[in-house]
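Contents: one structure, followed by commentary.
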There are 2 protein chains.
Amino acid sequence: MIRVLLADDENLIRSALRALLSLEDGIEVVAEAATADEALAMARSYAPDVAVLDLQLPDRDGIALAAELHAEVPGCRTMIVTSHGRPGYLKRALAGGVGGFLPKTVSASVLAQVVRTVHAGGRYVDPELAAEAISAGDSPLTARESDVLELAAEGAPVEEIARRAALTPGTVRNYLSSAASKLGAANRHEAVHVARRHGWI
Amino acid sequence: MIRVLLADDENLIRSALRALLSLEDGIEVVAEAATADEALAMARSYAPDVAVLDLQLPDRDGIALAAELHAEVPGCRTMIVTSHGRPGYLKRALAGGVGGFLPKTVSASVLAQVVRTVHAGGRYVDPELAAEAISAGDSPLTARESDVLELAAEGAPVEEIARRAALTPGTVRNYLSSAASKLGAANRHEAVHVARRHGWI
DNA sequence: CCGGAGTGGTGACATTCGTCATGGACCGGC
DNA sequence: GCCGGTCCATGACGAATGTCACCACTCCGG
């Protein structure tokens, strides 16, 4: 019996997934969580075989949670389901040791099959997402450029970004400028959109 | 027996909802659709009693779809479930004759109950969403301000917005400026975020 | 040990943006 | 018919932003 932990902030989805997976032979949902913290606590108590994580949780993202789970609950393998399949996340997830990555557009039977694959130590990535990731390529941004661009995402002025990043305004503008040109954007706001679309921030 | 149509682009959610609702007495899922067009076609064929629609479908939003369903399939009542409960949408939905509006964070039993309520001609709105909608109030923006702000959403420079809106750059800046001040934002990009969060664009 | 890449910074310059005052045209309500 | 609100526009001013050149430091790989 494969013991599964579900983590998704949407109650409806969570209980629905539970219903779906329960119909499958050899799969049992032993715990549910709405937040990453809750999921960690649950995983410590129940030591599930596979954790099915939503990409976006209220407190952190599913990739960070997966890393924590690997560290704290060694026997637990992880897989991520997501509504918005941005390519960049896939790379980060795979690099973080996540065993499966699929969009919520897949069918229930595929989900169950992937749970089994991941439990057996295998990996599965949705073919369409994989294709997107390959065509999108790596982020051309450096670490700091990404940081600064992320801080610029909410439309904050340069000065505030500078304070939050502990940089001088001039440096911030340099980073934003180079990021925008790398992304083929006319300004930082367009750059934010491009980077978001590719999952680079 | 209440005959239900499901419309959601996420296969996983759709089949999961089907599984959930099938467990309920007196509810039967007779059709599923991944797009609005598909949902319309299905509704014409099956004439469901209640249509459960996702707010965001690939081709249009659930509110537009609900309006079309009311026009083309008279006996069909509608309700909307959504991941992102932006207040503005709720108002538009209610104005469009939608019978139920709830976030996907609700439990399965609530969902089933709302299906029954809506089928009986009643209305149900998630209390939290309702509170948000009331506190958020109506959009303070005029029609043109909304238009221009929407065009500004992708980070385009003023000149491009002006061309796309058939306005002079000066006028565009005036609208953006007044929109930003109405929304309490320091600049148009922050204004876009605020308006998005409230469902005003 | 040298070069390249990344990081952090300064200063200058042109452009864009935000803001305000002002004006005219149009429409609906009193 | 007048008033108020919205729509569209112009011009001008200062602040914010984008761009460029240039510098110093660190770290890593060849």
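Residues in the range A:15-35 that are closer than 21 Å to B:VAL106 by Cβ and not hydroxyl-bearing (Ser, Thr, Tyr): how many?
Result for the range A:15-35: 11.
Filter the range A:183-195 for residues that are more than 8 Å from DNA strand D (Cβ to nearest atom) and open to solvent by 30 Å² or more (accessible area, probe 1.4 Å); which is nearest to the other protein chains (Cβ to nearest Cβ)?
A:GLU190
Within the range A:130-151, work out how many residues are open to solvent by less than 50 Å² (accessible area, probe 1.4 Å), assigned to a helix (DSSP H, G or I) and hydroxyl-bearing (Ser, Thr, Tyr).
Summing the residues that are open to solvent by less than 50 Å² (accessible area, probe 1.4 Å), assigned to a helix (DSSP H, G or I) and hydroxyl-bearing (Ser, Thr, Tyr) in the range A:130-151 gives 1.
Looking for whichever is more than 12 Å from DNA strand D (Cβ to nearest atom) and within 13 Å of chain B (Cβ to nearest Cβ) here; the options are A:ALA180, A:ALA133, A:ALA153, A:ALA143. Which one fits?
Testing whether each residue is more than 12 Å from DNA strand D (Cβ to nearest atom) and within 13 Å of chain B (Cβ to nearest Cβ) leaves just A:ALA153.
For the range A:136-178, enumerate the residues that are in contact (Cβ under 8 Å) with a residue 24 or more places away in the chain and more than 10 Å from DNA strand C (Cβ to nearest atom).
A:ALA136, A:ASP138, A:SER139, A:LEU149, A:GLU150, A:ALA152, A:ALA153, A:LEU176
Looking at the range A:118-129 only, could you name the residues that are in a loop (DSSP other than H, G, I, E, B) and either open to solvent by less than 40 Å² (accessible area, probe 1.4 Å) or farther than 20 Å from A:ASP61 by Cβ (or both)?
Of everything in the range A:118-129, those that are in a loop (DSSP other than H, G, I, E, B) and either open to solvent by less than 40 Å² (accessible area, probe 1.4 Å) or farther than 20 Å from A:ASP61 by Cβ (or both) turn out to be A:ALA120, A:GLY121, A:GLY122, A:ASP126.
The values are calculated or read from the model by the stated rules, or taken from the named source; none is laboratory data. None of these values were measured; they are calculated from a predicted model. Counting neighbours? That spans all protein chains shown, and the Cβs are built from the backbone with ideal geometry, glycine included. Please note that ligands, DNA and RNA were not included when accessible areas were found on the heavy atoms of the full protein model with its side chains. Shrake-Rupley method; radii C 1.70, N 1.55, O 1.52, S 1.80 Å.
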